[in-house]
Amino acid sequence: MNTHYKGRINPEIIFFFNKKINASKVVHSSIIFVCFATMIKNSVLCIFSLIALTSASQQLPELKWKNMNFLAFDLPQEQYTSDTICFFNALLMRPAYVDVTSEESTFSFTNQAQPLDVYKYWEQKGEEQYDVLFTKVAYVLDQPVNFFSKERLSNPTYISQTMPAAKIKQSDSTYHLSVGFGAPDIDYTLQFYSPEEFEFRYPKLPEYFKEHDGLTQLPSLIVVQHNSKYGKVMFQQTSKMSISISRYFQLNEGQTLVFNYTLNYIHNMPPTFIGGNDFLMHKIKDGIKELIYETQYICRMEN
């Protein structure tokens with residue numbers, strides 16, 4: 001049986017602000033502007049876990065981005081290294097749900113994003129409308145794969161190490177995350193699976209991942225993270241939900257290869273006067289990099 005936890009937040013849990021905010025009103029009110037700027041800063045800290053130990057960034061080498069043009073990563077396994085983040089994203093805007101990140105994109109919501117909606121939000125949304133953000137990340141951590149056990153990843157001490165500024169409250173099996181003013185409170189759950197348990201629970205997804213990862217070996221651990229009950233910020237709805245699936249592979253005796261897929265349904269995107277979609281992607285990538293730094297720092301401190 002799979003083990004069901006509610007804990008550790010993923011770096012790509014996101015929400016954004018009402019694009020209908022009147023920029024002129026913000027400009028004419030310095031108080032509102034300062035509050036809004038503070039809200040943006042704190043929100044980014046919360047959502048993308050931009051809370052890095054100073055020593056981690058100083059002691060670890062700079063991570064390099066390898067931006068991928070397609071969801072399918074066709075790299076040989078030996079080309080995944082601990083100094084590189086492989087990254088793909090698609091942003092599907094309502095009402096047409098066409099990927100706005102590239103004019104040449106062939107990304108399909110139905111075939112490539114919706115399969116990750118394992119809780120059937122889309123089928124049950126009724127009149128509700130969302131923008132859709134999809135990301136895929138691959139990176140290497142300097143610990144063997146058995147380091148990343150369900151006991152460690154659900155441990156409140158480990159969670160606090162990866163997010164030292166966040167406040168985490170536990171009630172039975174429920175974890176509640178808060179950072180403070182300008183960021184929504186979030187509830188999230190984790191489910192841990194072996195490959196066999198995962199295939200039994202989600203019979204179509206193993207083939208989906210095999211098609212897009214190009215790996216023949218099975219992961220040692222699969223983690224399904226469900227983020228929900230996003231709070232409002234300044235009376236504005238943020239995200240509806242996000243689902244993240246991380247798969248941990250043994251790369252060699254001392255390293256682990258991680259693939260992470262995240263699907264987000266967003267009520268409100270960033271307003272254009274703070275950068276719109278570009279602001280969104282910039283903050284996402286900053287958050288991913290900082291969380292990998294944090295995790296890698298913990299890995300190397302344990303060596």
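Okay, here's what the table says:
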{"read-out": "In the range 102-113, the residues that are touching a residue at least 24 places away in the same chain (Cβ under 8 Å) and surrounded by 16 or more Cβ atoms within 10 Å (Cβ to Cβ)", "value": "PHE107, GLN112, ALA113"}
{"read-out": "The one condition in (1) at pLDDT below 95; (2) outside any loop (DSSP other than H, G, I, E, B); (3) not β-branched (Val, Ile, Thr) that GLN114 fails to fulfil", "value": "(1)"}
{"read-out": "Pairs with Cβ under 9 Å, 6+ apart, first in the range 72-90 and on the phi < 0 side of the Ramachandran plot, second part of a loop (DSSP other than H, G, I, E, B) and of a type in the set (S, T, N, Q)", "value": "GLN77/GLN217; PHE88/ASN69; ASN89/THR101; ALA90/THR101; ALA90/SER102; ALA90/SER105"}
{"read-out": "So GLN79, is it closer than 24 Å to PRO61 by Cβ and either touching a Leu at 6+ places or on another chain (Cβ under 7 Å) or not charged (D, E, K, R) (or both)", "value": "yes"}
{"read-out": "Selected residue (only one of MET93, MET163 is in contact with a Leu (Cβ under 9 Å, 6 or more places away or on another chain) and over 25 Å from THR216 (Cα atoms))", "value": "MET163"}
{"read-out": "Answer residue from the range 121-151, given it is modelled with pLDDT under 95 and basic (Lys, Arg) and is surrounded by the most Cβ atoms within 10 Å (Cβ to Cβ) among those", "value": "LYS150"}
{"read-out": "Residue tally, condition closer than 30 Å to LYS66 by Cα and either outside any strand (DSSP E or B) or of a type in the set (A, V, I, L, M, F, W, C) (or both), over the range 117-141", "value": "10"}
{"read-out": "Enumeration of residues in the range 285-297 that are closer than 24 Å to PHE73 by Cα and touching a Leu at 6+ places or on another chain (Cβ under 8 Å)", "value": "ASP286, GLY287, LYS289, GLU290, ILE292, TYR293, THR295, GLN296"}
{"read-out": "Enumeration of residues in the range 152-208 that are modelled with pLDDT of 80 or more, acidic (Asp, Glu) and part of a loop (DSSP other than H, G, I, E, B)", "value": "none"}
{"read-out": "One residue from GLN217, GLN250 being under 15 Å from PHE148 (Cβ atoms) and in contact (Cβ under 8 Å) with a residue 24 or more places away in the chain", "value": "GLN250"}
{"read-out": "Residue that is surrounded by the most Cβ atoms within 10 Å (Cβ to Cβ), among those in the range 257-303 that are out of contact with any strand residue (DSSP E or B) (no Cβ under 9 Å at 6 or more places or on another chain) and among the polar types (S, T, N, Q)", "value": "THR272"}
{"read-out": "Candidates LYS125, LYS120, LYS150 - the one that is of a type in the set (Lys, Arg) and in contact with a Ser or Thr (Cβ under 9 Å, 6 or more places away or on another chain)", "value": "LYS150"}
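The values are calculated or read from the model by the stated rules, or taken from the named source; none is laboratory data. Just so we're clear, the structure is a prediction, and the values are computed from it rather than from any experiment. Here the Cβ is made from the backbone with ideal geometry for all residues, glycine too, and neighbour counts use every protein chain on show.
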